[in-house]
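Structure record follows, encoded as structure tokens.
The values are calculated or read from the model by the stated rules, or taken from the named source; none is laboratory data. Since the model is a prediction, treat every value here as computed from it, not as a measurement. Here Cβ is always computed from backbone atoms with ideal geometry, including for glycine, and neighbour counts include all displayed protein chains. For accessibility, only protein heavy atoms count, side chains too; no ligands or nucleic acids. Shrake-Rupley method; radii C 1.70, N 1.55, O 1.52, S 1.80 Å.
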Amino acid sequence: MNLELLESFGQNYPEEADGTLDCISMALTCTFNRWGTLLAVGCNDGRIVIWDFLTRGIAKIISAHIHPVCSLCWSRDGHKLVSASTDNIVSLWDVLTGDCDQRFRFPSPILKLQYHPRDLDKVLVCPMKSAPVLLTLSDSKHVVLPVDDDSDLNVVAAFDRRGEYIYTGNAKGKILVLNTDTQDLVASFRVTTGTSNTTAIKSIEFARKGSCFLINTADRIIRVYDGREILTCGRDGEPEPMQKLQDLVNRTPWKRCCFSGDGEYIVAGSARQHALYIWEKSIGNLVKILHGTRGELLLDVAWHPVRPIIASISSGVVSIWAQNQVENWSAFAPDFKELDENVEYEERESEFDIEDEDKSEPEQTGADAAEDEEVDVTSVDPIVAFCSSDEELEDFKALLYLPIAPEVEDPEENPFGPPPDAAVQTAPAEDGSSHTGSGDKKQRQPSSEGAPPKKKARTTTIIELQGVPSDEVHPLLGVKGDSKSKKKTAGRPKGSKGKEKDFRPKPYRGDRVYPDGVEVGGGGGMKGRAEGGLTAAGSLVSQPYKQHDIVGLD
């Protein structure tokens, strides 16, 4: 993997689809770790699927939540993963063990969460109808960030590249820059459209390299600013954006925007269809439009931190976009000149001699003298792509890859369930869910003497926010693909009643057509089959059918 060769002479953005990742369940959000070796995908059934991105295989599955996962973020060293679900719960996970270290319950749904880029003890959370909250993991305390207008609480927030400042934006276009440690206001400005009209801030994203950041607003324009200029302007400044990116033809609203790994390109996902627009930041020109399957809605977009690869989610499937790798099987001469056909090679007189007898003494200086120097082949130079601009060495404690556990072929165990240290496998809870990875006390009790020791009980910290409504519904539950499942579960009693009515005449019809089936109990008739389903162990026949069959038999 020659990361030094990535700065190629061609473009550094993807050009075509490069397959999909099937997460078994519907994917909703995804995020790369700092090196792009692992991809965490949050799913509709509450699981977090971690992919080894080099092998495109599943490295780990964490049964994280009961409700859909709506936001994910890696820690800087890759050992921790923080997740939020639509039931207002924020959880901190140990990636290696799959255990839940901490849990926080918020009064309103979580729109976004972000780990501090440098400090592993701080997490920024953006709840609905509330000011952003800065969590401190070590003592489970929280700080509510100051906002410009207390009446307007549709606030988005993001750390800058090194976590020194927090940028917040509200629905009136006001951007506040706060000091992360003191929460003091450092700078502020207002995003305006034309004259004095303001527009709502939808998201703020920072580049991994450089000081640029982008603001996605409700007027369908992506504005790119320089962070140093913002800090120079101070409070109530009027900085001009470096670029304004938009789709002038279709007036496309943007669902998700992010920078490329080197910060030179910007990708924006359309909120109307599965389409990715890629601009060059320095010039502002549109260089590529990637079209996915027609009719699908885009949910999330993530650009690989090191390579020109984009991961996008639509209809529960993770799509990968990459460059078209053209293989060149040409022959090369010893001087690396490409040859179109065979050429007869003329060997020089002393080309393969150990010592050139004909060489004169003065030529031993210069480039030939450098051949006698000892070459250091033991020390490993840090990979520049993995280091920040203010770092000289790599983080050797970082978690780049996950060990793959061997699959045990045991039908009694769920291969995609909790890790082997959980003594009790997938026990259904009272609400009908199989919540395994959270580390409940009941599931942590060892079932035998040889079981591993009981782990420490995880506590849930309840975050109380003043004046925040507790009856808000996460906007993700309003998406078409997700609302169908919600309506289905909510309307299950009505559906079962309707099935009973439809099912009622069928056994009688079966009596007339197959009278022997009823006598035998499991023969050809519908009623016999239903009766056989009653007596068989592990039957899939639901309760309403059982009740009706008993009535029919009477």
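Worth pointing out:
- Yes/no for residue 119 being out of contact with any Leu (no Cβ under 9 Å at 6 or more places or on another chain), modelled with pLDDT of 90 or more and in a loop (DSSP other than H, G, I, E, B): yes
- In the range 228-241 there is no residue matching the filter, namely being closer than 15 Å to residue 267 by Cα and buried (at least 16 other Cβ atoms within 10 Å of the Cβ).
- Residue in the range 23-31 that is outside any strand (DSSP E or B), at pLDDT 90 or above and small (Gly, Ala, Ser) present: no
- Boolean, residue 244 is open to solvent by 10 Å² or more (accessible area, probe 1.4 Å), in a strand (DSSP E or B), touching a Gly at 6+ places or on another chain (Cβ under 7 Å) and not aliphatic (A, V, I, L, M): no
- Residues located in the range 215-227, provided they are buried (at least 17 other Cβ atoms within 10 Å of the Cβ) and in a strand (DSSP E or B): 215, 216, 217, 222, 223, 224, 225
- The residues in the range 43-57 that are charged (D, E, K, R), within 15 Å of residue 311 (Cα to Cα) and not in a loop (DSSP other than H, G, I, E, B) can be counted, and the count is 1.
- Verdict on residue 254 being open to solvent by less than 60 Å² (accessible area, probe 1.4 Å), aromatic (Phe, Trp, Tyr), at pLDDT 90 or above and under 23 Å from residue 37 (Cα atoms): no
- Scan the range 29-48 for residues that are touching a strand residue (DSSP E or B) at 6+ places or on another chain (Cβ under 8 Å) and under 30 Å from residue 387 (Cα atoms) and the total you get is 13.
Yes/no per residue for (1) outside any strand (DSSP E or B); (2) of a type outside the set (S, T, N, Q); (3) without any contact (Cβ under 8 Å) to a residue 40 or more places away in the chain; (4) over 23 Å from residue 27 (Cβ atoms):
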| site | (1), (2), (3), (4) |
| --- | --- |
| 93 | no, yes, no, no |
| 104 | no, yes, no, yes |
| 108 | yes, no, no, yes |
| 148 | yes, yes, no, yes |
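- Options 181, 152; residue that is open to solvent by 20 Å² or more (accessible area, probe 1.4 Å) and part of a loop (DSSP other than H, G, I, E, B): 181
- Qualifying position, being assigned to a strand (DSSP E or B), within 21 Å of residue 215 (Cβ to Cβ) and touching a Phe, Trp or Tyr at 6+ places or on another chain (Cβ under 8 Å), among 311, 302: 302
- In the range 274-285, residue nearest to the chain's Cα centre (by Cα) [restricted to those that are touching a residue at least 40 places away in the same chain (Cβ under 8 Å) and open to solvent by 20 Å² or more (accessible area, probe 1.4 Å)]: 281
- Some residue of the range 160-177 being farther than 20 Å from residue 123 by Cα, touching a Lys or Arg at 6+ places or on another chain (Cβ under 9 Å) and among the acidic types (Asp, Glu): no
- Residues that are touching a Ser or Thr at 6+ places or on another chain (Cβ under 9 Å) and either open to solvent by less than 10 Å² (accessible area, probe 1.4 Å) or not in a loop (DSSP other than H, G, I, E, B) (or both) within the range 58-73 comprise 62, 63, 64, 68, 69, 70, 71, 72, 73, listed in sequence order.
- When 296, 205 are checked against the criterion of being open to solvent by less than 50 Å² (accessible area, probe 1.4 Å) and either closer than 22 Å to residue 173 by Cβ or outside any loop (DSSP other than H, G, I, E, B) (or both), a single residue qualifies: 205.
- Failed item, numbered, when residue 33 is tested on (1) under 30 Å from residue 109 (Cβ atoms); (2) open to solvent by 60 Å² or more (accessible area, probe 1.4 Å); (3) not aliphatic (A, V, I, L, M): (2)
- Boolean, residue 326 is modelled with pLDDT of 80 or more, more than 30 Å from residue 49 (Cβ to Cβ) and open to solvent by 80 Å² or more (accessible area, probe 1.4 Å): no
- Check on residue 175, touching a Pro at 6+ places or on another chain (Cβ under 8 Å) and touching a residue at least 24 places away in the same chain (Cβ under 8 Å): no
- Single residue of the range 160-177 satisfying the filter (open to solvent by less than 10 Å² (accessible area, probe 1.4 Å) and in a strand (DSSP E or B)) that is nearest to residue 202 (Cα to Cα): 169
- Scanning the range 67-91 for residues that are of a type in the set (A, V, I, L, M, F, W, C) and more than 23 Å from residue 470 (Cβ to Cβ) returns 72, 73, 74, 81.
- Filtering the range 74-104 to residues that are β-branched (Val, Ile, Thr), more than 28 Å from residue 129 (Cα to Cα) and open to solvent by less than 10 Å² (accessible area, probe 1.4 Å) leaves only 95.
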